[in-house]
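Enquirer: Sending over a structure as structure tokens; questions will come in a sec.
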Amino acid sequence: MSQVTPQLLRRLLPAPAAEVDPYEAYGDVPARWLRVGMVLSLDGSVTDEEGWSNGLGGVADQWVFRVLRARADAILVGASTARTGRLGPAKLSAELRERRGRPPAPIVVFTRKAAGLDWSLPLFTAARTPTIVVTGDAAAVSASVPVVVTEDPAEAVRRLRDEHGLEHLLCEGGPSLATSLLRAGVVDELCLNVAPTLVGGEHHTRVLDVRGELDLMALYEKNSTLFLRYGVRFAR
Ligand SMILES: NC(=O)c1ccc[n+]([C@@H]2O[C@H](COP(=O)([O-])OP(=O)(O)OC[C@H]3O[C@@H](n4cnc5c(N)ncnc54)[C@H](OP(=O)(O)O)[C@@H]3O)[C@@H](O)[C@H]2O)c1
């Protein structure tokens, strides 16, 4: 992952402030927390022309993405996102490493069909903190990869906390896994970074597929990108 210059954000809500440090701002939650953090275009797409999210947000989005990682105990992703091959083991810049004060959070890949994953990817072979797989299909997972055996997302979250000590969980998507976790009632906060970009129809990928009410917790802005933080009212 390339280096990104640290960014300050303008806080619009709750109390306006000209410059806030995202590491402090996003650190205002309990230790046991599940946050979904994703970027989307203004017309609601989570992918750009290349089918990835890099072209959507600017440098402030990329910095907040890193800050959310630095704040988390584990980073949850769906298998399709892992299959893009673009997701490496989590690394942090020197500044975020120092502020975090411990090794990077492990990636946790959710899959129902584990046989479809490439175990030779650096994600599985080169992670300083080993990548974990959550699946009901444990027999298909490479022997060197730690597994949480379940098909139930709520049980997976409980076991990551109880058996692995991973309390603060960050789901980075994709939409399918984020939807699963929201439907299971285990998400506390939705962090949506809305980029000032229109993607149009051809490459449009919908962000979430769930019905529920949300409460706005905070709103920040930088270079026309909006950083929305919503509390999930239907969390159990
Ligand atoms: N904008 C952003 O912030 C952002 C972030 C991440 C990804 N993306 C983009 O999103 C796209 C991928 O999103 P997606 O929605 O298609 O896929 P996804 O959520 O990354 O992965 C879906 C897969 O995850 C597994 N899965 C989902 N729910 C599960 C559950 N409850 N238990 C076990 N496994 C579960 C299944 O894997 P199996 O098929 O192996 O069973 C499913 O097919 C990519 O194009 C990526 O670039 C955007």
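Rule-based calculations on the coordinates, nothing more; no lab input. Note that the structure is a prediction, hence the values are computed from the model and not measured. No Cβ is skipped: glycine too gets one built from the backbone with ideal geometry, and neighbour counts run over all protein chains shown.
Enquirer: To one decimal place, what orientation-averaged projected area in nm² is obtained for the convex hull of the Cα set of the range 70-210?
Expert: Working: hull surface 38.2 nm².
Dividing the Cα hull surface by four gives the mean projection, 9.5 nm².
Enquirer: Residue by residue, what Karplus-based ³J(HN,Hα) values in Hz, rounded to whole numbers, does the range 126-138 have, using 6.51, -1.76 and 1.60 with θ = phi - 60° and x for Gly and Pro?
Expert: Once rounded to whole Hz, the list reads 10, 7, 5, 9, x, 5, 10, 10, 10, 6, x, 9, 4.
Enquirer: Please give the contour-minus-distance gain from Arg10 to Ala94: 0.36 nm per residue of separation, less the Cα-Cα distance, rounded to one decimal in nm.
Expert: Net length gain for the segment: 27.8 nm.
Enquirer: Across the range 160-173, in residue order, what do the Karplus-derived ³J(HN,Hα) couplings come to in whole Hz, using 6.51 cos²θ - 1.76 cosθ + 1.60 with θ = phi - 60° and x for Gly and Pro?
Expert: Listing the rounded values in order: 4, 6, 6, 9, 10, x, 9, 8, 8, 10, 10, 8, 9, x Hz.
Enquirer: Mean-square fluctuation check for the chain, GNM, Cα pairs under 10 Å: which of Val141, Val108, Val46 is largest?
Expert: Val141
Enquirer: Would you mind getting me the FRET efficiency between Arg102 and Val29? Use the beta-carbon distance for r and R0 = 22 Å, nearest 0.05. Working shown, then result.
Expert: On the way: r = 18 Å, r/R0 = 0.80.
For R0 = 22 Å, the calculated efficiency reads 0.80.
Enquirer: Another question, then. The chain: percent of C-alpha pairs farther apart than 26 Å? Please list the in-between numbers first.
Expert: Values: 9592 of 27730 pairs.
So the portion of pairs separated by more than 26 Å is 35 percent.
Enquirer: Just report the Cα centroid separation between the range 88-117 and the range 7-42, whole Å.
Expert: 20
Enquirer: If you rank Ile107, Ile132 by fewest surrounding Cβ atoms within 10 Å, what's the result?
Expert: Listed from fewest to most nearby Cβ atoms, that is Ile132, Ile107.
Enquirer: Could you tell me, in Å, what Rg and Dmax come out for the Cα atoms of the range 176-236?
Expert: Rg then Dmax for the range 176-236, in Å: 13.1, 37.
Enquirer: So, one more: Based on other C-beta atoms within 10 Å, arrange Arg229, Arg97 from fewest to most.
Expert: In increasing order of surrounding Cβ atoms, one gets Arg97, Arg229.
Enquirer: Need one word for the range 1-110: rounded, prolate or oblate. Basis is the Cα gyration tensor (sqrt eigenvalues a ≥ b ≥ c); a/c below 1.5 gives rounded, then a/b vs b/c decides.
Expert: Oblate shape, in that a/c is at least 1.5 and b/c is the bigger or equal ratio.
Enquirer: While we're here: So for the range 139-190, Kirkwood radius off the Cα pairs, Stokes-Einstein at 25 °C and 0.890 mPa s: how many µm² s⁻¹?
Expert: It comes out at roughly 202 µm²/s.
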